[in-house]
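A.B. asks: Below is one structure. I have some questions about it.
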Amino acid sequence: LDELERRLAARLGGMPTEVLRVEHVDFPLTGSSPQPWRDRTFRFGAAGGFKNPTTGYSVATSLMCTDAVVDALAAGRDPAVDLWPSSARAVHNLRLRGLSALLRLSPSQTIAFFEAFFAMPVAAQRSYLSGRDDLTGTMGAMTRVITAVDMRTRAVVARGAMSTPAWAGDTD
């Protein structure tokens with residue numbers, strides 16, 4: 001936090017820097033469960049696994065899934081079955097492994113990684129960021145990024161992606 005405050009002050013330059021209020025925000029990027037489709041109690045939104053582990057965003061995905069939940073409940077079905085087809089489970093697991101890999105990068109590797117990500121076509125970025133069941137798009141985006149970074153960064157990402165962090169649980 002000290003480093004972030006220093007950088008913010010440098011960016012603000014001569015602007016007033018009086019602090020009116022300090023807010024500290026801490027939320028897990030993994031959501032409440034690494035495998036929400038296995039939870040005995042159905043959860044929705046961020047608690048139901050709709051949080052993208054890379055961005056922390058969940059609102060748009062939650063809104064996109066609302067009709068499927070309503071339809072399933074109205075028909076007497078378990079909404080988790082409709083919301084978590086195998087492709088959505090696979091994308092969720094890949095994103096968790098991606099987060100594990102990102103957390104292992106050095107600051108300079110992180111910068112290079114995100115430069116490679118944002119150099120991709122917008123459609124590829126959106127596939128990774130928004131396509132919760134787009135397995136082909138997610139894998140394609142991950143492949144594009146990994147081939148665009150140097151070999152050391154690839155090695156760190158590969159180690160991170162192949163190891164299962166404690167918070168990810170079994171990735172079936």
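A.B. asks: To the nearest 10 Å², what's Asp71's accessible area with a 1.4 Å probe?
C.D. replies: Surface open to solvent at Asp71 totals about 90 Å².
A.B. asks: Any chance you could run the full-extension gain for Leu103 through Arg154? It's 0.36 nm times the residue separation minus the Cα-Cα distance, nm to one decimal.
C.D. replies: 17.0 nm
A.B. asks: Could you calculate the FRET efficiency of Val81 with Phe114 from 1/(1 + (r/R0)^6), where r is the beta carbon distance between them and R0 is 45 Å, rounded to 0.05? Don't jump to the answer; show the numbers that get you there.
C.D. replies: Working: r = 35 Å, r/R0 = 0.79.
So the FRET efficiency works out to roughly 0.80.
A.B. asks: Quick one: angle between helix 151-162 and the longest Cα principal axis of the chain, in degrees between 0 and 90, rounded to 10, please.
C.D. replies: The helix 151-162 is inclined about 30 degrees to the chain.
A.B. asks: Here is a further query. Roughly what angle does helix 107-119 make with the longest principal axis of the chain, taking Cα atoms, 0 to 90 degrees, to the nearest 10?
C.D. replies: Roughly 60 degrees between the two axes.
A.B. asks: For the chain, find the longest principal axis of its Cα atoms and tell me its angle to the long axis of helix 135-148, 0 to 90°, nearest 10.
C.D. replies: Between helix and principal axis, roughly 20 degrees.
A.B. asks: For the range 5-105, what does the convex hull of the Cα positions come to per residue, in cubic angstrom?
C.D. replies: Values: hull volume 14.7 nm³, N = 101.
Each residue corresponds to 145 Å³ of Cα convex hull volume.
A.B. asks: Here's a follow-up. Using a 1.4 angstrom probe on the protein heavy atoms only, line up Phe42, Phe118, Phe27, Phe50 by accessible area, largest first.
C.D. replies: Phe118, Phe27, Phe42, Phe50
A.B. asks: Now for a separate question. Out of these labelled values of log10 I(q)/I(0) by the Debye sum over Cα atoms at q = 0.18 Å⁻¹, (1) -1.04; (2) -1.17; (3) -1.32, which was calculated from the coordinates shown here?
C.D. replies: Label of the calculated value: (2).
A.B. asks: Report Arg132's accessible area, 1.4 Å probe, all protein chains in place, as a number in Å² to the nearest 10.
C.D. replies: Solvent-accessible area, nearest 10 Å²: 30 Å².
A.B. asks: For Thr147 and Val122, FRET efficiency with R0 = 22 Å and r from the beta-carbon atoms, rounded to 0.05?
C.D. replies: Numbers: r = 18 Å, r/R0 = 0.84.
The pair Val122/Thr147 has a calculated efficiency of 0.75.
A.B. asks: Taking a spot 7 Å from the Cα of Arg38 along the direction of its beta carbon, which residues of the range 70-104 have an amide N less than 19 Å from it?
C.D. replies: 79-100
A.B. asks: Would you mind getting me the FRET efficiency between Leu12 and Met162? Use the beta-carbon distance for r and R0 = 35 Å, nearest 0.05.
C.D. replies: The calculated FRET efficiency here is 0.25.
A.B. asks: Name the most mobile residue of Val70, Val81, Val19, meaning the one with the largest mean-square fluctuation, in a Gaussian network model of the chain with Cα contacts below 10 Å.
C.D. replies: The residue that fluctuates most here is Val19.
A.B. asks: Now a separate question. Over what distance in Å are the Cα centres of the range 66-119 and the range 27-58 separated?
C.D. replies: Using only Cα atoms, the two centres lie 9 Å from each other.
The values are calculated or read from the model by the stated rules, or taken from the named source; none is laboratory data. Keep in mind it's a predicted model, so treat the numbers as computed, not measured. Note that each Cβ is placed from the backbone with ideal geometry, even for glycine, and that neighbours are counted across all protein chains shown. Just so you know, the surface numbers come from the protein's heavy atoms only, side chains and all, with ligands and any DNA or RNA stripped out. Shrake-Rupley method; radii C 1.70, N 1.55, O 1.52, S 1.80 Å.
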